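The next block holds one structure in the form of structure tokens; read it before the comments.
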Amino acid sequence: MSVLLQMAMFPTDKSESKSKEVSEVLKVIRDCGYPYKLTAMSTIIETEKMSEALLIIQKCYDKLEELGSKRIYSTITFDIRPGHENRLEGKVKSVENHIGEVSK
């Protein structure tokens, strides 16, 4: 099974720039060992089970709480597809098969 998790999570009670806190969240994601891609607006992670994706979300929240965040904003989106894998790359390649390389 492939679980694609798209998420953005950051504190709203800190400074205007969120890069410091987002960097800490990204360290948590990176240390979980699953394939991921950081974009300008969110991070996309691929796991094999929903429970793994939910654990990542919890760990990211715990990190922001540990950093003293009192209010956290998060968006979470899932695309779950049994019987498939490597969709983090495969979905992009599927589009590129139709229109050629997309901007990277």
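Tell me the GluC sites (Glu not before Pro) within the range 1-84 that lie in a loop according to DSSP and have at most 13 other beta-carbon atoms within 10 Å. Numbers along the way, then the final one.
Numbers: sites: E16, E21, E24, E46, E48, E52, E65, E66; in loops: E16, E48.
Here the sparse-neighbourhood loop sites are E16, E48.
Calculated FRET efficiency, T39 and L67, Cβ-Cβ r, R0 22 Å, to nearest 0.05?
Result of the calculation: an efficiency of 0.50.
For V28, what is the net charge nearby, where nearby means another residue's Cβ is under 13 Å from its Cβ and Lys, Arg count +1, Asp, Glu -1? List each step's numbers first, then the result.
Values: positive: K27, R30, K59, K63; negative: E21, E24, D31, D62, E65, E66.
Net charge around V28: -2.
Whenever you get a sec, compute what percent of the accessible area on the chain sits on carbon and sulfur atoms (1.4 Å probe).
Values: 3620 of 6990 Å².
Result for the chain: 52 percent of the exposed heavy-atom area is carbon or sulfur.
Would you calculate the separation in nanometres between label points at S15 and I57, each defined as 7 Å from the Cα along the Cα-to-beta-carbon direction?
3.0 nm
Between D31 and I99, what FRET efficiency follows from the Cβ-Cβ distance if R0 is 35 Å, with the result rounded to 0.05? Mind showing how you got there, number by number?
On the way: r = 35 Å, r/R0 = 1.00.
Result of the calculation: an efficiency of 0.50.
Between S23 and A8, what is 0.36 nm times their sequence separation minus the Cα-Cα distance? Round to one decimal in nm.
On the way: separation 15, 0.36 × 15 = 5.40 nm, distance 1.17 nm.
Difference between extended and current length: 4.2 nm.
Can you bin the range 49-95 into rounded, prolate or oblate? Criterion: square roots of the alpha carbon gyration tensor eigenvalues sorted a ≥ b ≥ c, rounded for a/c under 1.5, prolate for a/b above b/c, oblate for the rest.
Values: a/c = 3.39, a/b = 2.35, b/c = 1.45.
In terms of gyration-tensor shape, prolate.
Out of residues 5 or more away from Y73 or on other chains, whose amide H comes under 5 Å of its own, with H placed 1.01 Å from N in the peptide plane?
The answer is F10, T12.
Pop out the ³J(HN,Hα) list for the range 90-95 in order, Karplus 6.51 cos²θ - 1.76 cosθ + 1.60 with θ = phi - 60°, rounded to Hz; leave Gly and Pro as x.
With the stated coefficients, the range 90-95 comes to x, 5, 5, 4, 4, 5 Hz.
For the chain, what does the accessible surface come to per residue with a 1.4 Å probe? Please give it in Å². Don't skip to the answer; put the middle values down first.
Values: 6990 Å² over 104 residues.
Accessible area per residue: 67 Å².
For the pair E48 and S74, what calculated FRET efficiency results from E = 1/(1 + (r/R0)^6), where r is the Cβ-Cβ distance and R0 = 30 Å, to the nearest 0.05? The partial results should precede the final answer.
On the way: r = 22 Å, r/R0 = 0.74.
It comes to 0.85.
In the range 46-82, which trypsin sites (Lys or Arg not before Pro) are in a loop and have at most 13 other Cβ atoms within 10 Å, using DSSP for the loop call?
Working: sites: K49, K59, K63, K70, R71; in loops: K49, K70, R71.
Answer by residue number: K49, K70, R71.
More than 13 Å apart: what percent of Cα pairs in the range 1-73 qualify?
Values: 1643 of 2628 pairs.
So the pairs more than 13 Å apart make up 63 percent of the total in the range 1-73.
The values are calculated or read from the model by the stated rules, or taken from the named source; none is laboratory data. Fair warning: this is a prediction, and the values are worked out from it, not measured in the lab. For neighbour counting, all protein chains shown are included, and Cβ atoms are generated from backbone atoms with ideal geometry for every residue, glycine included. In case anyone asks, the SASA skips ligands and DNA or RNA and just uses the protein heavy atoms, side chains included. Shrake-Rupley method; radii C 1.70, N 1.55, O 1.52, S 1.80 Å.
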